[in-house]
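Read the structure below first, then the notes.
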Amino acid sequence: MTYVLAVHGGAGVIAGDTAQEPYHAGLRAALAAGGAVLRAGGSAVAAVAAAVAALEDCPLFNAGRGAVFTADETHELDAGIMDGATLRAGALAGARHIRNPILAANAIMDDGRFVLLAGAGADRFAADAGLARVDNGYFSTPQRHAQLLGVRGLDPDSTALDHSAPEVALRDARRFGTVGAVALDAAGNLAAATSTGGMTNKRPGRIGDTPLVGAGVYANNASCAVSATGTGEHFIRACVAHDIHARMAYGGHGVARAAHDCIGGPLADLGGEGGVIALGRDGTLAMPFNSRGMYRGWLRDDAPAQTRIFREDEDRPALAP
Ligand code: ASP
């Protein structure tokens, strides 16, 4: 085993009748982008950035183009990246004009003076770094706008869903679609990256778990790399990504047990919904989720890339190193 890459395109209730092939194709394209980096001997950091940038460019997923709408009918983007070798991290929140938020997070990490930039300051940093700038409308798609209209009956102050809302609106609101990647490179280094438009109809200014080190993203060569997706408020409060690391580092658990115990334990206890992709330093991959599905895929060395959506698609033997 020389390298491993895994990606996700969000967790949530996914309509069974929706054509799924384009989602598989989007995941495969991200695996191809990140896999090419690893195959050429590139770093885990470069691989997760490339994979997530590909998912940001795919309008099917809730990150970059295709991001969900806020209650104000705008887009506010969050992203974070972490290098498990150095514990350096870079993140941004509430950005409006950065075409590929994960590349800006990477530039923030490389700059090294701060970890998390918000709003106009994040947009300005990215422009100064020479990254592509777009109008906020670049991120809009008709599907996301329809989704916003569908959930308008929900409380914009909360991601706790109003269960009196129509079934269709509830189902759409729970199609999260955040993207992420974790990688182990040939040098044995881990990295994680996560990027999102947040939750449909979110209150402007609301920031989820995605850009928060230890909640939606974490990497540490001592244990694992984690990228999360789901109801962000719960992931923040359960410190999900760091909780998985801690179970391994302090409890001596393997990555599969640590990740499953966190999603089934502290996250579920808070009422949280979603999942993680977690990659151990030995190359073991765990992808637990408590929603009906989670868009996910992985590749290991030159073996063919694998993609899955539903729980019943789970193929545990294929996940072993
Ligand atoms: N976790 C993201 C957030 O709360 C949403 C998602 O995973 O789709 O912003």
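Some observations on this one:
- Neighbours by Cβ (under 9 Å, 6+ apart or cross-chain): first from the range 300-316, within 18 Å of Ala29 (Cβ to Cβ) and hydroxyl-bearing (Ser, Thr, Tyr); second open to solvent by 50 Å² or more (accessible area, probe 1.4 Å) and at pLDDT 80 or above: Thr307/Arg28
- Boolean, Val68 is surrounded by 22 or more Cβ atoms within 10 Å (Cβ to Cβ) and either within 16 Å of the ligand (Cβ to nearest atom) or over 28 Å from Gly188 (Cβ atoms) (or both): yes
- Taking every residue in the range 60-80 that is over 13 Å from Ile102 (Cα atoms) and outside any loop (DSSP other than H, G, I, E, B) and pairing it with any residue that is of a type in the set (Asp, Glu) and within 13 Å of the ligand (Cβ to nearest atom), at least 6 positions away or on another chain, the pairs with Cβ-Cβ distances below 7 Å are Thr70/Glu76.
- Flag if Glu76 is of a type outside the set (Val, Ile, Thr), open to solvent by less than 10 Å² (accessible area, probe 1.4 Å), within 15 Å of the ligand (Cβ to nearest atom) and out of contact with any Pro (no Cβ under 6 Å at 6 or more places or on another chain): no
- Some residue of the range 39-54 being in contact (Cβ under 8 Å) with a residue 40 or more places away in the chain, among the polar types (S, T, N, Q) and away from the ligand (no atom under 15 Å from the Cβ): yes
- Every pair of residues 6+ apart whose Cβ atoms lie under 6 Å, when the first sits in the range 129-148 and is at negative phi while the second is assigned to a helix (DSSP H, G or I) and of a type in the set (D, E, K, R): Gln147/Asp172
- Filtered residues of the range 266-286 (kept if within 18 Å of Thr229 (Cβ to Cβ) and open to solvent by less than 20 Å² (accessible area, probe 1.4 Å)): Leu267, Gly272, Gly274, Gly275, Val276, Ile277, Ala278, Leu279, Leu285, Ala286
- Meets criteria (modelled with pLDDT under 85, surrounded by 16 or more Cβ atoms within 10 Å (Cβ to Cβ) and either aromatic (Phe, Trp, Tyr) or not in a helix (DSSP H, G or I) (or both)) for Leu170: no
- Among all positions in the range 33-40, there is at least one residue which is under 24 Å from Ala215 (Cβ atoms), in contact with a strand residue (DSSP E or B) (Cβ under 9 Å, 6 or more places away or on another chain), open to solvent by less than 30 Å² (accessible area, probe 1.4 Å) and not acidic (Asp, Glu).
- Hits in the range 177-198 (condition: away from the ligand (no atom under 16 Å from the Cβ) and hydrophobic (A, V, I, L, M, F, W, C)): Ala183, Leu184, Ala186, Ala187, Leu190, Ala191
- Test: residue in the range 199-214 that is under 16 Å from Ala11 (Cβ atoms), within 15 Å of the chain's Cα centre (by Cα), away from the ligand (no atom under 13 Å from the Cβ) and open to solvent by less than 10 Å² (accessible area, probe 1.4 Å): no
- Hey, Ala29 open to solvent by 40 Å² or more (accessible area, probe 1.4 Å), within 17 Å of the chain's Cα centre (by Cα) and small (Gly, Ala, Ser) or not: yes
- The lone criterion from (1) under 24 Å from Tyr3 (Cα atoms); (2) open to solvent by 30 Å² or more (accessible area, probe 1.4 Å); (3) modelled with pLDDT of 95 or more; (4) among the small types (Gly, Ala, Ser) left unmet by Ala320 is number (3).
- Complete set of residues in the range 44-66 that are more than 16 Å from Leu27 (Cα to Cα) and touching a strand residue (DSSP E or B) at 6+ places or on another chain (Cβ under 7 Å): Ala44, Val45
The values are calculated or read from the model by the stated rules, or taken from the named source; none is laboratory data. This is a predicted model, so every value here is computed, not measured. Here Cβ is always computed from backbone atoms with ideal geometry, including for glycine, and neighbour counts include all displayed protein chains. Surface accessibility is based on the protein's heavy atoms, side chains included, excluding ligands, DNA and RNA. Shrake-Rupley method; radii C 1.70, N 1.55, O 1.52, S 1.80 Å.
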